[in-house]
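Written out below as structure tokens is the structure these notes cover.
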């Protein structure tokens, strides 16, 4: 079963270092570039993708939905932020979705709903098809033989070279994306 991917559009655009305040033409190009990138990602991975953009200041009176290249594009209605739409959709899909955002409020709400959360910069790297590796500097130090780097109490067992269970689980979940 493919996972439904909910993407905070301007959050991912902002993580790329694109200045969204540079004018409407640049903003439109950034949106189109993201949608095209998501369409290619959808073809590679097979996930259903919904990207949500803010329309709360200049949007329509009702939420606007359209499909572009197999990607559902949602513009929030005037007075509603994209974060609110993503939180609502995350509650609707629950464990069957993954949320792409670096906004703490969205991340906490999505986790509470049981969704898998990917940070915007981390997903941006996946979108560009680059390998993302979690920083494991303490474990790399052990590979060089520096046993004093990680101080473990004597009553704790386990392999000091192995990632903690929570990090191994996240790494396993991230492989799907």
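Could you check the simple spin-label distance between residue 171 and residue 65, using points 7 Å along Cα→Cβ, in nm with one decimal?
3.8 nm
Report the calculated FRET efficiency for residue 91 and residue 29 (r = Cβ-Cβ distance, R0 = 25 Å), to the nearest 0.05. Don't skip to the answer; put the middle values down first.
On the way: r = 32 Å, r/R0 = 1.30.
Between residue 91 and residue 29 the formula returns 0.15.
With 10 angstrom as the radius, rank 26, 172 by how many other C-beta atoms surround their C-beta, starting from the fewest. Can you show the working numbers first?
On the way: 26 13, 172 9.
In increasing order of surrounding Cβ atoms, one gets 172, 26.
Where a ≥ b ≥ c are the square roots of the eigenvalues of the C-alpha gyration tensor, would you call segment 4-127 rounded, which needs a/c under 1.5, or, failing that, prolate if a/b is larger than b/c, or oblate? Present the calculation step by step, with values, prior to reporting the outcome.
Details: a/c = 1.39, a/b = 1.14, b/c = 1.22.
The shape class here is rounded.
State, to one decimal in nm, how far the label point of residue 39 lies from the label point of residue 159, with both points 7 Å from Cα in the Cβ direction.
The two pseudo-label positions are separated by 4.5 nm.
Which ordering of 95, 126 is given by a fewest-first count of other beta-carbon atoms within 10 Å?
The order, fewest Cβ neighbours first, is 95, 126.
Bear in mind that the values in this text are calculations on the coordinates, not laboratory data. Everything quoted here is computed from the prediction, not taken from an experiment. We place every Cβ from the backbone using ideal geometry, glycine too, and count neighbours over all the protein chains shown.
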